[in-house]
Amino acid sequence: MRTHRGNVASLHTFVHHDHRNPPGSPPRYHSRHRQAKAANHSMHYALTPRTFLYSHYFSTGLRIATGVLGLTLLTLWATRLDLAMVVCIGALCTSLMDLPSPLRHKFNEMLASVLLGSAVTLVISLCAPVHWLLGIMVALVSFFASMMVAFGRKGLPLQFAALFVMSLAMQTELRPLQALAHAGLFMAGGLAYLAYAIAIAWMLRRRIKEQVLAEALYELALYVSTKAGFYDVHVDLNTQSNALIRRQVVLAERQQAARDLILRGPRTERDKVLVQVHYAMLDLYELVLATYTDYALLRRQFADADVLTWMRDLIAKAATDIESLAFAITSHRPSVQRVSYAAELKALSAALEEMETMERQPVGEEALAMLRSSFSRISGMVGMIAQLHRATQPDAEGLELAPANDMTPFLTQQKYEFGVLRQNMRMDSPIFRFSLRVLLAVGLGLLVAEHLPYASHGYWIVLTIAVILKPTFSMTRQRRRDRVVGTLVGCGLTALILHVTREPAVLLGLLFIATAAGPAFVQIKYRYTAVAASMQILLQMSLLLPDSSHVVSERLLDTLIGAAIATLFSFVLPSWEYRTLPGLLRNVLQAGVDYIAAARELLQARVENDFVYRLRRKQFTDHLAALSAALMRMQDEPASKRRAVEEINQFILQNYLVASQVAAIRLLLRNHADALPRETVNAWLDEACDRASLTLQQAFAALDSGVAPAPVPAETVEAHGAWSGWAPLKRRTRMLLTDARKVGLQAAAVARALRQAP
């Protein structure tokens, strides 16, 4: 293979301006450029100013700051400062649930926050004068609020809202009638913000859909960019595979968020473009999934050739192209394709043609066929991106839209039922154990606050515990780090600001910025949110109590105490991730069997549309993403609590390879649909799918026994005839069976590693 560069040397004058750069393509990346590019791709897209200003994160922060401070100033204009602050707290707590959601869901979630917050405010305010009773109620509220995590992702902000209300209400001692009035003002502020938020969301409902869809496209671009690294011989394959799995977890979340907004409820004619783009995006994702190949073989055979570099640059351009399309969507305009792939496509086509006509092949036939297949799929991906651009046009025709099926199975089903809480009222439930941790940590925080030598703010210690202590150890550790650093920076900035000026107009302007920044960064860079939250509280106190000079140092000390208590209790009644692994592994295997069954029906053209196939594919990737997320969280836990990390990582990778082979077979049959010998191909697919399903089913037993599954019987179908697709179909089905076999081997390896772990 070392002579291959010489064999294609005649192409250099054809495809290069010089020795390195194809015409019309960007310069080749040196290692330093590659490292910088990888670093940029690890950063969230919304942290770039150009995209942040168009994202739903920025608009959410701006909307919340305008609503909360607007309602506060309006109330202040009509009444006293103390009453306006209660209304402000009600609006602020309700704003914690102001997230991109379908309108009906948003209304229900925010109304639940208002009612829950009002009830907590009333109960805590009534109990505040009686010290021992307040302690009991704080403990109970902490426990039952934390149990709401059982409701899923939307349960976390609801839990924090309840604890936030509790921590603020516990510092005021009111008589019963005053407590009722206080709760009434809180509810008024919450309901006013609810009406404001729903009105804005209704007016901007299409805009929010565009922003969420654009976010899914940005994540797809990052996923494609990670794919480009597989063709870079300077990048380690295992490292790149791990990076791809991590990107897959986030991509699955973003795609689900887009589904929930775009496919839920009746769709108007104006939604046509968004539906077109959504479906084209999913088709492009499947095509990208199908591009997986034996990269190690390609690297061995073509390490000194330019073809891998051209492929890498081609895929990198595709990622840039998808990014530009996402920006067009979020900018509310049709997308125009400005990226040219002509140079790389022409160079690769010429190189393949020359290699195929050589009398003496410098590479093996299998490697050449694999290179040809990779080029074909990457070319198809480029063509699909062109269709994606076309889908942004309002008058686009001939694109696949949502089938006339009920889309409910694809959407997140949020249920707020007491039965969900009752099912988790047991000691082996991670949510129950988390709730007990919060109860004990908050109790200790109150106890410590009473014995501090200065006039501490017990509510701030409790609030810090609520912010940091999360259901998993990895989340708690990350929040602790961000909260402490953010508080240090926030206190320092606020002290500097107050040293320079105490002009109310300036402080009010900075308060607006801090109030907007808090919710804007909470999902993408919590450290910035911690900075903003500290500045927000301290600026408010400076406006209310201009003579307070010690508040910054006390706030910092309270934060450190709360962080220490949260860290201590993260080891109390822990729910280590390795305990959830067996169930997650089984879910993946079962979803894989169902996916193969749905793929068989679709590949054999026995169904009218691909609805069931898409559903099973989604369920399969969702279960894989859940297992991947658990693995990543486990890697953040103490070393003694990690189990079978490398084995599970390989198990996840092999399952993704199964999905990529199915996608590749589907693409192959679609491209050869006209000349397909259907009866013989269907018999072949029956045999392949039967053996793949059998292998995955055997992996269930391997998880229990740790014994690798026995090899499945050899193929029995005779593949013959002049159809040109036989060779690639054989190769892909063989790779499917090999990957399914490796899933079983990895399942056995996981079982052995879990059994041997201390």
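The values are calculated or read from the model by the stated rules, or taken from the named source; none is laboratory data. Quantities reported herein were computed from a predicted structural model and do not represent experimental measurements. Counting neighbours? That spans all protein chains shown, and the Cβs are built from the backbone with ideal geometry, glycine included. With ligands, DNA and RNA removed, areas are computed over all heavy atoms of the protein, side chains included. Shrake-Rupley method; radii C 1.70, N 1.55, O 1.52, S 1.80 Å.
A few comments on the model shown:
- Relative contact order (percent, whole number), region 432-485, Cα cutoff 8 Å, 6+ residue spacing: 29 percent
- Normalised per residue, the accessible area of the chain is 42 Å², obtained with a 1.4 Å probe and no contribution from ligands, DNA or RNA.
- Annotation note: GluC sites (Glu not before Pro) in region 532-621 located in DSSP loop regions with a Cβ neighbour count of at most 11 within 10 Å are GLU608.
- Computed helical MRE - 222 nm, the chain, DSSP H runs ≥ 4 contributing -39500 (n - 2.57), nearest 500: -24500 deg cm²/dmol
- Inter-part distance, region 641-659 to region 468-537, computed on C-alpha centroids, equals 38 Å.
- Positive-end residue, the chain charge dipole about Cα centroid, Cβ charges, pick of THR476, VAL87, LEU168: LEU168
- Site pair THR320 and ALA753 shows an inter-label distance of 3.8 nm when each label is modelled 7 Å from Cα along Cα→Cβ.
- For peptides 439-450, 684-695, 525-536, sequence by mean Cβ density within 10 Å, most packed first: 525-536, 684-695, 439-450
- Against the chain, whose longest principal axis is taken from its Cα atoms, helix 458-468 shows a tilt of about 10°.
- Relative contact order [Cα under 8 Å, 6+ residues apart], region 65-169, whole percent: 25 percent
- Taking θ as phi - 60° and the Karplus parameters 6.51, -1.76 and 1.60, the scalar couplings of region 576-587 work out to 5, 5, 4, 6, 8, 4, x, x, 5, 5, 5, 4 Hz in sequence order, x denoting glycine and proline.
- Sparsely packed loop sites in region 419-479 (the trypsin sites (Lys or Arg not before Pro) outside DSSP H, G, I, E and B with at most 15 other Cβ atoms within 10 Å) comprise ARG426.
- Within straight-line cross-link reach of LYS470, aspartates and glutamates at Cα separation under 20 Å, skipping those fewer than 8 residues along the same chain: GLU253, ASP428, ASP482, ASP558, GLU577, ASP636, GLU637
- Sites LEU508 and ALA342, calculated FRET efficiency, Cβ-Cβ separation with R0 51 Å, nearest 0.05: 0.35
- With respect to the chain, whose longest principal axis is taken over its alpha-carbon atoms, helix 342-357 is tilted by about 30°.
- Each peptide in 119-127, 211-219 was scored by the mean count of other Cβ atoms within 10 Å over its residues; highest first, the order is 211-219, 119-127.
- Efficiency of FRET from Cβ geometry, ILE136 and THR738, R₀ 56 Å, rounded to 0.05: 0.35
- Charge dipole of the chain about the Cα centre (unit charges at C-beta), most positive-ward option of LEU314, GLY419, TYR526: TYR526
- Karplus-derived 3J(HN,Hα) values for region 228-238, using 6.51 cos²θ - 1.76 cosθ + 1.60 with θ = phi - 60°, are 4, x, 5, 8, 9, 5, 8, 9, 5, 5, 5 Hz; glycine and proline are entered as x.
- Size check on the chain: the Cα extents along the three principal axes, sorted descending, read 94, 58, 49 Å.
- Using Cβ point charges alone (K and R +1, D and E -1), the dipole size of region 249-383 about the Cα centre works out to roughly 680 debye.
- Dipole size of region 38-164 about its Cα centre, with +1 on Lys/Arg Cβ and -1 on Asp/Glu Cβ: approximately 300 debye, rounded to the nearest 20.
- Placing unit charges on the Cβ atoms of the charged side chains and taking the dipole of the chain about its Cα centre, the candidate lying farthest along the positive direction among ILE513, TRP726, PHE107 is ILE513.
- Under the simplified labelling scheme, the HIS332-VAL485 pair shows an inter-label distance of 3.6 nm, with each label point 7 Å from Cα along Cα→Cβ.
- Karplus-derived 3J(HN,Hα), 6.51/-1.76/1.60, for each residue of region 384-395, Hz, glycine and proline x: 5, 5, 4, 5, 5, 4, 5, 5, 6, 7, x, 9
- Net lengthening on full extension, LEU76/GLU354 (0.36 nm per residue, minus Cα-Cα): 92.2 nm
- About its Cα centre, the chain has a charge dipole of approximately 820 debye under the convention of +1 per Lys or Arg Cβ and -1 per Asp or Glu Cβ, with nothing else charged.
- Relative contact order (%) - criterion: Cα under 8 Å, at least six apart; region: the chain: 14 percent
- Cα coordinate range in region 160-301, projected on the principal axes (Å, largest first): 82, 42, 17
- In degrees, nearest ten, helix 726-756 long axis to first principal axis of the chain (Cα): 40 degrees
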